[in-house]
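J.: My questions will all concern the structure given below.
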Amino acid sequence: MTANYKFDSLADSAIVYRALLRRQWIDETSDIVLLFAYLLRPNEPGLSVTIGSVCSPEQCAAKFRNCYGVASIQVGQIRELGLDAVPDSASHAQIVGLPYVADDRDRAERLADLLADRSRIVWTPSQT
């Protein structure tokens with residue numbers, strides 16, 4: 001899948017949300033996002049994120065049957081790592097530039113850890 005460039009590039013100041021769909025993506029005792037939330041799975045073109053200007057954290061979570069939290073990250077912080085968040089619809093983008101774990105485990109885990117460090121949990125099921 002190639003990026004669809006009919007959607008405007010996101011500003012560095014834009015916020016995107018990553019739905020935390022697995023319990024092991026969060027350290028629930030400290031509400032910290034773990035690197036596993038940002039590892040690119042096989043056959044994924046990029047990591048799925050929701051564009052914050054068109055969707056609230058609650059709306060992002062509601063798209064999924066099981067969502068253990070929603071993390072926010074600023075697009076500029078993604079770009080600082082040599083990655084990008086490329087819109088593929090009016091409300092959705094892909095974080096692109098991450099290697100697959102099978103191709104380069106060290107780099108994949110390092111970038112995932114850096115993304116997790118820059119993320120903040122902005123919604124959990126207990127807040128509903």
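The values are calculated or read from the model by the stated rules, or taken from the named source; none is laboratory data. Quick caveat: nothing in here was measured; it's all calculated off a predicted structure. So basically every Cβ, Gly included, is an ideal-geometry build from the backbone, and we count neighbours across all protein chains shown.
J.: Do we have PHE7 as assigned to a loop (DSSP other than H, G, I, E, B), in contact with a Leu (Cβ under 8 Å, 6 or more places away or on another chain) and surrounded by fewer than 19 Cβ atoms within 10 Å (Cβ to Cβ) here? Please lay out each step first, then the result.
T.: Details: assigned to a loop (DSSP other than H, G, I, E, B): yes; in contact with a Leu (Cβ under 8 Å, 6 or more places away or on another chain): no; surrounded by fewer than 19 Cβ atoms within 10 Å (Cβ to Cβ): yes.
Judged against the criteria, PHE7 is not a match.
J.: Hey, THR29 hits all of (1) over 15 Å from the mean Cα position of the chain (by Cα); (2) part of a strand (DSSP E or B) but one; which does it fall short on?
T.: The number of the failed condition is (2).
J.: Among ALA102, ALA116, which is of a type in the set (A, V, I, L, M, F, W, C) and surrounded by fewer than 16 Cβ atoms within 10 Å (Cβ to Cβ)? Step through it out loud before you land on a result.
T.: Details: ALA116 fails: surrounded by fewer than 16 Cβ atoms within 10 Å (Cβ to Cβ).
ALA102 is the lone residue from the list that is of a type in the set (A, V, I, L, M, F, W, C) and surrounded by fewer than 16 Cβ atoms within 10 Å (Cβ to Cβ).
J.: Look at region 10-33 and say how many of its residues are in contact with a helix residue (DSSP H, G or I) (Cβ under 9 Å, 6 or more places away or on another chain), surrounded by fewer than 19 Cβ atoms within 10 Å (Cβ to Cβ) and either within 21 Å of ARG110 (Cβ to Cβ) or at pLDDT below 95 (or both).
T.: 3
J.: For region 63-92, give me each residue that is surrounded by 14 or more Cβ atoms within 10 Å (Cβ to Cβ) and among the small types (Gly, Ala, Ser).
T.: Listed by number, the residues that qualify are GLY69, ALA71, SER72, GLY76, ALA85, SER91.
Conditions tested, residue by residue: (1) modelled with pLDDT under 95; (2) more than 22 Å from PHE7 (Cα to Cα); (3) in a strand (DSSP E or B).
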residue: GLU44; (1), (2), (3): yes, no, no
residue: SER48; (1), (2), (3): no, no, yes
residue: CYS60; (1), (2), (3): no, no, no
residue: GLY76; (1), (2), (3): no, no, no
residue: ALA85; (1), (2), (3): no, no, yes
residue: LEU114; (1), (2), (3): no, yes, no
